[in-house]
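Worksheet for the structure shown next.
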Amino acid sequence: MKFRPSGGAFGTSHSSLLSSLALGSVGVAIFCGYFFWFRSSAETAERLPPLPQDESIQVYFNHDRSGNFTELYRQKNRQGTDLGAKLIESIESAQSSIEIAVQEFQLPNIAQALAAKSQAGIKVRVILEHNYSRSLSELTAAEIDALTAREQEHYQEYQKLVDIDHNGTLSQSEINQRDAITILRNARIPMLDDTADGSSGSGLMHHKFMVVDGHRIIVTSANWTMSDIYGDFSHPESEGNQNNLVQMESRELGTAFLNEFNLMWGDGTPASQTSQFKTRKPPRPPVEVLVGKTRVLVQFSPTSKQQVWEDSSNGSISKLLNTSQQQVDFALFVFSEPGLSNILQTQSQRGVKVRGIIDRQFAYRDYSSGLSLMGVDANNLCQAGTNSLSLATIGVPTLPPGDLLHHKFAIIDRQTVVTGSHNWSSAANYHNDETLLVIQNNPTVAAHFDREFNRLYEHGIMGIPAQLKSKHC
């Protein structure tokens, strides 16, 4: 079995002195230097009042300072909103149907909620990414031995989740209760993955959406896993990768998502190859609908390279960035699209305030668009910040051990929000099944993302850290 890092829609792997330093001993030194700050800050973080929610578009974050909850599996009390509980709440509201397309599905509480609805006669269908469509309990000893270090860590986290009595072995009873894929199969819930089209699943089925009864749509940046929603067993300080959830009520928007789902689903039979994933899908222009009083645009990737870039999802983001008049803030897991960084530089020269936070795993890699915004040549780190186009407002967040910045959002002029599963990369644009969601001119919704951005930016490390630069120069 082959694993990929959750949310890894970043395309080609690169290596350079800069990236190795950022992810090696220097990265650890920088990280550890801020760990004690984060822990004390998190314990004393001021609880903020809840923000008003739009009637038709609600927004939630697993690190929201206005809420507190106790995690089900680690029994940890922490700040934030329980995104898993929000998903279950919508599942339990279903009267006729539930369609889910999510890259990785690991949480048993959500699987149990789906099993209960299926047994009650609700139609449930699930699409997964093929690297995560097999139960880890099925791995042979030889397959486990062959896992990479990263895959071993993934497997050990799975064992800690499923091992209810903590005796180091997994019984069939424990697997039936805690293995999400097994729970879905035992409930006879139909499932497909992105090899159903007869391919080897090149690219990623990277969607993270659910449609309930054809009119309630949930789009997350999170995979439905411990690490993306709650946190890791191996890192008790972790509180889950930084993620968001958007819930919308619109039958017209639901139709757009169901059309995307049904293209991938085909007739539901893997051997028939009627499913269409990745570039096998026909061209699909953006769909713009009214959700309540708000214009919402949804666009699904990938786009064929035979189409003009402006018509792609990244092209749609570029058009929005070009409309900015005052401010653009972004929080991104991966940012490696030069066309978008060029636009941000141009907008900055025009007087638009540009601020950005990028996950530390990718911010300093040689293909990172964050480097170009910082005015850094990956091959000449000593000149960092001397470029006339360099921005001192681009950096990385400080997070607990094990946690990642997994958001894919931007806020334009504190009015319009870009979010979804779509990383700002060529891989997301041309190779993956992705959701790009644009919520236009809604300051109520934007205020939630604005608060989340400011929380991350407040203690971010801007530019190239001195420790990293000193190692190179």
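The values are calculated or read from the model by the stated rules, or taken from the named source; none is laboratory data. Note that the structure is a prediction, hence the values are computed from the model and not measured. Glycine gets a Cβ as well: all are built from the backbone with ideal geometry, and neighbour counts include every protein chain shown.
For the stretch 289-312, check the following and say yes or no: at least one residue is closer than 25 Å to residue 94 by Cβ, among the aromatic types (Phe, Trp, Tyr), in contact (Cβ under 8 Å) with a residue 24 or more places away in the chain and surrounded by 15 or more Cβ atoms within 10 Å (Cβ to Cβ). Before you say what the answer is, go through the steps one by one.
Step one: filter the stretch 289-312 for residues closer than 25 Å to residue 94 by Cβ, giving 289-292, 294, 296, 298, 300.
Right, trim to among the aromatic types (Phe, Trp, Tyr) and you get 300.
With the extra rule that they be in contact (Cβ under 8 Å) with a residue 24 or more places away in the chain, the set shrinks to 300.
The next check asks that each one be surrounded by 15 or more Cβ atoms within 10 Å (Cβ to Cβ); those that pass are 300.
Yes, the stretch 289-312 has at least one match.
Select, from 150, 185, the only residue that is of a type in the set (Lys, Arg), at pLDDT below 95 and surrounded by fewer than 19 Cβ atoms within 10 Å (Cβ to Cβ).
On the way: 185 fails: at pLDDT below 95.
Going through 150, 185 in turn, just one is of a type in the set (Lys, Arg), at pLDDT below 95 and surrounded by fewer than 19 Cβ atoms within 10 Å (Cβ to Cβ): 150.
Given the condition within 27 Å of residue 448 (Cβ to Cβ), modelled with pLDDT of 95 or more and assigned to a loop (DSSP other than H, G, I, E, B), answer yes or no: does some residue in the stretch 269-289 qualify?
Applying the first criterion (within 27 Å of residue 448 (Cβ to Cβ)) to the stretch 269-289 yields 286-289.
Still in the running and modelled with pLDDT of 95 or more: 286-289.
Next, only the ones that are assigned to a loop (DSSP other than H, G, I, E, B) stay: 286.
Yes, the conditions are met somewhere in the stretch 269-289.
Assuming residue 102 fulfils every condition listed in (1) surrounded by 15 or more Cβ atoms within 10 Å (Cβ to Cβ); (2) modelled with pLDDT under 50; (3) within 30 Å of residue 433 (Cα to Cα) apart from one, which condition is it?
Going through (1) surrounded by 15 or more Cβ atoms within 10 Å (Cβ to Cβ); (2) modelled with pLDDT under 50; (3) within 30 Å of residue 433 (Cα to Cα) one by one, residue 102 breaks only (2).
Name the residue, out of 85, 94, that is in a loop (DSSP other than H, G, I, E, B) and either free of Cβ contacts under 8 Å to residues at least 60 places away in the same chain or surrounded by 17 or more Cβ atoms within 10 Å (Cβ to Cβ) (or both).
On the way: 85 fails: in a loop (DSSP other than H, G, I, E, B).
Step by step, each of 85, 94 is checked, and only 94 is in a loop (DSSP other than H, G, I, E, B) and either free of Cβ contacts under 8 Å to residues at least 60 places away in the same chain or surrounded by 17 or more Cβ atoms within 10 Å (Cβ to Cβ) (or both).
Among (1) assigned to a loop (DSSP other than H, G, I, E, B); (2) under 22 Å from residue 368 (Cβ atoms), where does residue 321 come up short?
That leaves (1) as the condition not met.
Of everything in the stretch 106-135, what is within 26 Å of the chain's Cα centre (by Cα), part of a loop (DSSP other than H, G, I, E, B) and of a type outside the set (S, T, N, Q)? Give them in sequence order.
107, 129, 134, listed by residue number.
Could you check the stretch 246-295 and list, in sequence order, the residues that are of a type in the set (Lys, Arg) and under 24 Å from the mean Cα position of the chain (by Cα)? Quick ask: steps written out before the conclusion?
Here is the first cut: in the stretch 246-295, the ones of a type in the set (Lys, Arg) are 251, 278, 280-281, 284, 293, 295.
Hits for the stretch 246-295 are 278, 280, 281, 284, 295.
Quick check on this structure: which one of 356, 351, 395, 339 is modelled with pLDDT of 95 or more and part of a loop (DSSP other than H, G, I, E, B)? Let's see the steps before the verdict.
Working: 356 fails: part of a loop (DSSP other than H, G, I, E, B); 395 fails: part of a loop (DSSP other than H, G, I, E, B); 339 fails: part of a loop (DSSP other than H, G, I, E, B).
Matching residue, one of 356, 351, 395, 339: 351.
Write out, first by first residue and then by second, each pair whose Cβ atoms fall under 9 Å of each other, whose residues are 6+ apart or on separate chains, and whose first residue, in the stretch 419-434, is surrounded by fewer than 24 Cβ atoms within 10 Å (Cβ to Cβ) while the second is assigned to a strand (DSSP E or B).
Every condition considered, the pairs that remain are 430/301; 431/301.
Does any residue of the stretch 136-149 turn out to be in contact (Cβ under 8 Å) with a residue 12 or more places away in the chain and within 21 Å of the chain's Cα centre (by Cα)?
no
Kindly establish whether residue 240 is in contact with a Gly (Cβ under 9 Å, 6 or more places away or on another chain) and part of a loop (DSSP other than H, G, I, E, B). Before the answer, list the steps.
Values: in contact with a Gly (Cβ under 9 Å, 6 or more places away or on another chain): yes; part of a loop (DSSP other than H, G, I, E, B): yes.
So residue 240 passes the test.
Looking at residue 53, is it free of Cβ contacts under 8 Å to residues at least 60 places away in the same chain and assigned to a loop (DSSP other than H, G, I, E, B)?
No: the conditions fail for residue 53.
Could you list, in sequence order, the residues of the stretch 141-161 that are over 19 Å from residue 173 (Cα atoms) and either among the hydroxyl-bearing types (Ser, Thr, Tyr) or outside any helix (DSSP H, G or I) (or both)? Steps first, please.
Let us first name the residues in the stretch 141-161 that are over 19 Å from residue 173 (Cα atoms), namely 141-154.
If the condition is that a residue be over 19 Å from residue 173 (Cα atoms) and either among the hydroxyl-bearing types (Ser, Thr, Tyr) or outside any helix (DSSP H, G or I) (or both), then 146, 147, 148 are the ones that fit.
Got a sec? Which of 151, 157 is touching a Ser or Thr at 6+ places or on another chain (Cβ under 9 Å) and not aromatic (Phe, Trp, Tyr)?
Details: 151 fails: touching a Ser or Thr at 6+ places or on another chain (Cβ under 9 Å).
None of the others qualify; the one that does is 157.
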